[in-house]
Every structure is written in C-alpha cells, then in structure tokens.
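Nothing in this text is a laboratory measurement; each read-out follows from the coordinates by a stated rule. Keep in mind that what you see is a predicted model, and the values were worked out from it rather than measured. As a convention, Cβ positions derive from the backbone with ideal geometry for all residues, glycine included, and neighbour counts pool all protein chains shown.
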C-alpha cells in the first residue's frame, strides 16, 4: 500500500516519534514534581514504543 501525497512517510513518522521521545525525556529531567516526571517518562516510553513499531513496519516494507 503506497501512502497518498498528504500522508507522512514511515521515515517522517519515525523522526516525529524520535523527537517526541527526546523532548519528553528532557521534560522529565526538568519536571518539578515526581508526578510530572513520571508522566513525561511514560510519554517518552510511548514515543519510543511507537518508533520501534514504525521501525518494524519499515523493515517489513523493504
């Protein structure tokens, strides 16, 4: 299945998730409370998981 012109590519989505993970990890380091730190870590972990799934998808498309 080929993406239409208005849909992001797998590579673009991987870059977005990688940037989100990095931003959330930085946010976790600077979080003023344990609750906010935990939430940022969870968001970073989710972004990393999604990036891994996109990596798998890219491998299966190759």
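Once you place label points 7 Å from the Cα toward the Cβ at residue 60 and residue 16, how far apart are they in nm? With each label placed 7 Å out from Cα toward Cβ, I get 1.9 nm.
Relative to the first principal axis of the alpha-carbon coordinates of the chain, what is the inclination of helix 34-61, with its axis defined by its Cα atoms, in degrees from 0 to 90 and to the nearest 10? Helix 34-61 and the main axis of the chain meet at about 10 degrees.
The calculated FRET efficiency for residue 30 paired with residue 52, based on their beta-carbon distance and R0 = 30 Å, is about 0.75. Build a GNM of the chain with springs between Cα atoms under 10 Å apart, and of 50, 38, 13 the one that fluctuates most is 38.
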